[in-house]
Amino acid sequence: MRSDVFETETLTVPGGTETVLRGGRHLFPLLPQAFHGVRRIGVIGWGPQGRAQAKNLRDSLSGTEITVSVGLRPDSPSRADARAHGFTEESGTLGDVLAVVAESDLVVLLIADAALAAQHQEIFAALKPGATIGLSHGFLLGHLRATGGDLPAGHAVIAVCPKGMGDSVRRLYEQGATVNGAGINASIAVHADPDGHATDRALAWSVGLGSPYTFETTLESEYRSDIVGERGILLGAVHGLVEALYRWFLLDGADPVTAYERACETVTGPIARTISRAGLRAVREGTDAELFDRAYSATYAAAREIVAEIYDEVADGTELRSVVLADARLAVRPMSRIGGSPMWAHGDEVRARRATHETPIDPLTAGMFVATMVAQVDEFADRGHAWSEIVNESIIEAVDSLLPYMHARDVAYMVDNCSRTARLGTRRWGPRFQAAYEQIALPTVGAQADDKLVAGFLANPVHEALAAAAELRPSVDISV
């Protein structure tokens with residue numbers, strides 16, 4: 001990653017180094033220069049990412065000659081909300097999708113994955129000559145490769161991919177008004193660079209979103225790690241784990257509130273905070289290490305097997321096709337909600353107890369959760385992903401964005417309110433993880449720990465990589 005505008009730095013990671021950019025509001029004056037040739041940015045879509053990115057970019061570019069506009073369908077129910085946040089037809093900052101595309105120098109495509117797969121040809125046809133195509137997910141590339149299509153020639157193609165949900169992207173940006181550098185980490189990818197300025201535009205976009213730490217990847221690596229991650233430790237595996245453990249603790253004699261705390265509250269609360277502030281090994285050090293080791297040993301192989309299967313199905317296009325196929329079906333038959341599962345009825349009571357009750361780290365839950373997280377880390381490492389991508393997609397996004405959100409609400413709420421791609425993946429793979437935990441891991445958790453496996457965890461290079469990334473972490477927790 002080489003920039004003609006920003007001063008990058010070298011991050012030491014296992015086996016070598018990576019070039020990263022440390023963000024901060026002191027870099028905002030450089031944005032007009034870095035957005036070489038861009039006078040209008042069109043953000044297409046008003047979902048959680050669209051809303052957050054449009055507002056962050058507008059605020060970061062305030063006082064410059066660069067305009068941020070939002071493109072929506074004429075009948076979009078989101079138009080009223082966009083107007084309420086200051087994007088209006090009268091000011092020229094709100095318009096129809098194709099009109100905004102046609103007048104923008106950087107077109108940021110933030111509509112749903114399946115919708116973009118269906119509409120990309122008419123969007124590409126509307127692009128002005130030389131306009132830069134911006135993505136926040138590599139799904140479209142995977143879809144095009146699977147269907148024999150391609151991104152249009154003559155246009156720079158860049159990606160900026162925040163490592164957190166849209167609400168986190170906005171809330172941490174707002175916190176950055178008082179804590180410089182507060183924000184959500186992001187990866188960038190430069191897929192096509194016909195004029196030589198694509199990298200600086202991508203970095204400017206990332207800085208404008210408030211990213212405290214920007215690292216480089218490719219569109220292919222991004223969509224593989226992102227889609228696998230949300231089906232794995234970021235969401236699908238978490239859902240499967242807490243459902244399995246809740247039943248396990250009930251069968252062991254716990255009352256429903258205690259079972260909820262030991263299965264779910266301990267993950268979204270003390271385990272997430274411990275990993276965020278002190279790393280993975282600190283979880284083991286903060287609880288019964290002997291039981292942690294047995295749980296880790298019982299879980300790792302079963303979780304790794306599923307992560308590898310997910311990765312294969314993402315890489316060969318199977319998982320992407322399932323998302324596209326679901327679009328028409330869901331238009332007439334929406335997904336049912338999963339919050340009706342019995343355990344979620346106790347969430348409000350558990351959250352109400354927080355002021356007077358501190359939930360400890362449960363060693364059984366901790367060992368199983370960390371084993372699943374490390375299984376994903378190891379699979380990504382073996383598949384050749386860069387360490388910044390590995391720790392962000394498998395650890396940082398979980399503990400600094402998604403799990404705090406789940407803690408404020410619950411895991412079921414997150415599953416029912418995330419992106420359609422993530423919801424589909426969680427419903428498909430969460431039960432697979434749940435079955436593996438119930439049928440393979442928990443029945444063997446009483447066996448002696450695998451000393452070699454535990455030693456491998458303690459010596460895993462992920463600890464070094466996570467410590468290096470943590471040095472770029474802003475000194476603020478997300479407000480949810």
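The values are calculated or read from the model by the stated rules, or taken from the named source; none is laboratory data. If you're wondering where the values come from, they're calculated on a predicted model, not measured in any experiment. Backbone-built Cβ (ideal geometry, glycine too); neighbour counts: all protein chains shown. These accessible areas exclude ligands, DNA and RNA; they are computed on the full protein's heavy atoms, side chains included. Shrake-Rupley method; radii C 1.70, N 1.55, O 1.52, S 1.80 Å.
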So which strands (runs of 3 or more DSSP E) stay within region 9-97 end to end and still have 2 or more residues that are among the β-branched types (Val, Ile, Thr)? 9-13, 16-22, 40-44, 67-72
Applying the selection to region 1-57, what residues are among the β-branched types (Val, Ile, Thr) and within 25 Å of the chain's Cα centre (by Cα)? Thr8, Thr10, Thr12, Val13, Thr17, Thr19, Val20, Ile41, Val43, Ile44
Would you please list the contacts, defined by Cβ atoms under 6 Å and residues six or more apart or on different chains, that run from a residue in region 79-94 that is open to solvent by 60 Å² or more (accessible area, probe 1.4 Å) to a residue that is part of a loop (DSSP other than H, G, I, E, B) and among the acidic types (Asp, Glu)? none
Name the single residue, out of those in region 176-212 being at pLDDT below 90 and more than 29 Å from Phe124 (Cβ to Cβ), that is most open to solvent (accessible area, probe 1.4 Å). Thr178
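Name the helices (runs of 4 or more DSSP H) wholly within region 235-280 that hold at least 1 residues that are open to solvent by less than 10 Å² (accessible area, probe 1.4 Å), without any contact (Cβ under 8 Å) to a residue 60 or more places away in the chain and under 22 Å from Ala303 (Cβ atoms)?
On the way: elements: 236-251, 256-260, 272-278.
The qualifying helices (runs of 4 or more DSSP H) are 236-251.
This table checks each residue for (1) of a type outside the set (D, E, K, R); (2) in contact (Cβ under 8 Å) with a residue 40 or more places away in the chain.
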{"residue": "Gln119", "(1), (2)": "yes, no"}
{"residue": "Ile123", "(1), (2)": "yes, yes"}
{"residue": "Leu127", "(1), (2)": "yes, no"}
{"residue": "Gly138", "(1), (2)": "yes, yes"}
{"residue": "Leu144", "(1), (2)": "yes, no"}
{"residue": "Thr147", "(1), (2)": "yes, no"}
{"residue": "Ile158", "(1), (2)": "yes, yes"}
{"residue": "Arg170", "(1), (2)": "no, yes"}
Within region 145-174, considering residues that are of a type in the set (A, V, I, L, M, F, W, C) and part of a loop (DSSP other than H, G, I, E, B), the one farthest from Ile233 (Cα to Cα): Ala153
Has region 95-110 got at least one residue that is touching a residue at least 12 places away in the same chain (Cβ under 8 Å) and closer than 17 Å to Asp327 by Cα? yes
